[in-house]
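Asks: Supplied in structure tokens, the structure appears directly below.
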Amino acid sequence: MSFTFSDVDVSDAENIARHVEVPAMQNGPLYRTMFPRSDTITEAGREEVVRWYCEMLEDAFQDRWESFLKGCSVDGTPVGFCGWTIMERNQPQVKANDGQTNMQPKKATWLPEAIDVDSWIAVSKALRAERDRVLKDVDNVCRLTFMAVNPSYQRQGIASMMMQRICEETDQHGRCAYVLAAPEGVPLYTKFGFRIVGYVETPQGIITSMLRPA
């Protein structure tokens, strides 16, 4: 099967949330920590979660401090999605989402009923502390903020093609790269030269801190 890759638009947010981000995350440690009752969530509750992620993606797509890439099937449906941001000491930075490992809304207007707020805040603080620990003396970093593939399309090379694009850009500018990886992502990042530099334990599993040298 062939896939096409292109930049994202704000109008892509709902389809990416519905067809990529939520399906890809729902068995991962962050999502299951945030939504510990996800196995019994109602259809209405799931729609609320999708809408929440959609609004966060809309915010991210509009802030222009991150780069995004989507992979689509032949009918145009998004099946893969990634995002990254560049951190440089001499450049002003805005807080960006950690995607698969630390999503927080920029407009804290509402939260899904199913979310465990205390657990979400606790794991977000732990992830931020780990990221700051690793990157405190590192300059010119490409930080991966999103990497997700719809489970029905995994193991078809989509994530590798997106990673290849990111790594080519990173190498061109002599940057290192950093990611907080869900368990299923560790082999992919290892394949592209990332090394494990730490771990964050969550109630639902381990998130791995990984750095790719320049």
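Asks: Sort Lys191, Lys136 so that the residue with the fewest other Cβ atoms within 10 Å of its own Cβ comes first and the one with the most comes last. Please report the intermediate quantities before stating the final value.
Replies: Details: Lys191 11, Lys136 7.
Exposure proxy ranking, most exposed first: Lys136, Lys191.
Asks: For segment 158-214 and segment 25-79, what is the separation of their C-alpha centers, rounded to whole Å?
Replies: Distance between centres, Cα-based: 20 Å.
Asks: Among (i) 17; (ii) 28; (iii) 13, only one was calculated for this model; which label is it, if the read-out is percent of Cα pairs over 31 Å apart?
Replies: Looking at percent of Cα pairs over 31 Å apart for this model, the match is (iii).
Asks: Under the rule of at least 5 residues apart or a separate chain, name every residue whose amide H is placed under 5 Å from the amide H of Val197.
Replies: Answer set, sorted by chain and number: Ser209, Met210, Leu211.
Asks: Based on the mean of other beta carbon atoms within 10 Å per residue, what is the order of 5-11, 65-71, 123-129, most packed first?
Replies: Working: 5-11: 12.6, 65-71: 19.1, 123-129: 16.1.
Ranking, from highest mean packing down: 65-71, 123-129, 5-11.
Asks: Something else now. Can you put Cys72, Cys167, Cys82 in order, fewest other beta carbons within 10 Å first?
Replies: Numbers: Cys72 20, Cys167 17, Cys82 27.
Taking fewest neighbouring Cβ atoms as first place, the list is Cys167, Cys72, Cys82.
Asks: Using 7 Å Cα-to-Cβ label points, what is the Tyr199/Lys125 separation (nm, one decimal)?
Replies: The modelled label-to-label distance comes out at 2.2 nm.
Asks: Can you tell me the relative contact order of the chain? Whole percent, Cα pairs under 8 Å, sequence separation 6 or more. Intermediate results must be reported in sequence, preceding the final value.
Replies: On the way: 360 pairs, mean separation 53.8, N = 214.
Contact order relative to length: 25 percent.
Asks: Spelling out what I want: for every residue of segment 168-175, take phi, set θ = phi - 60°, compute 6.51 cos²θ - 1.76 cosθ + 1.60 (Karplus), and round to whole Hz; glycine and proline get x.
Replies: 4, 5, 4, 5, 4, 9, x, 9
Throughout, read-outs are computed from the coordinates displayed, never taken from laboratory work. Every value quoted in this text rests on a predicted model; they were computed, and no experiment measured them. Note: ideal-geometry Cβ built from the backbone for every residue, glycine included; neighbour counts use all protein chains shown.
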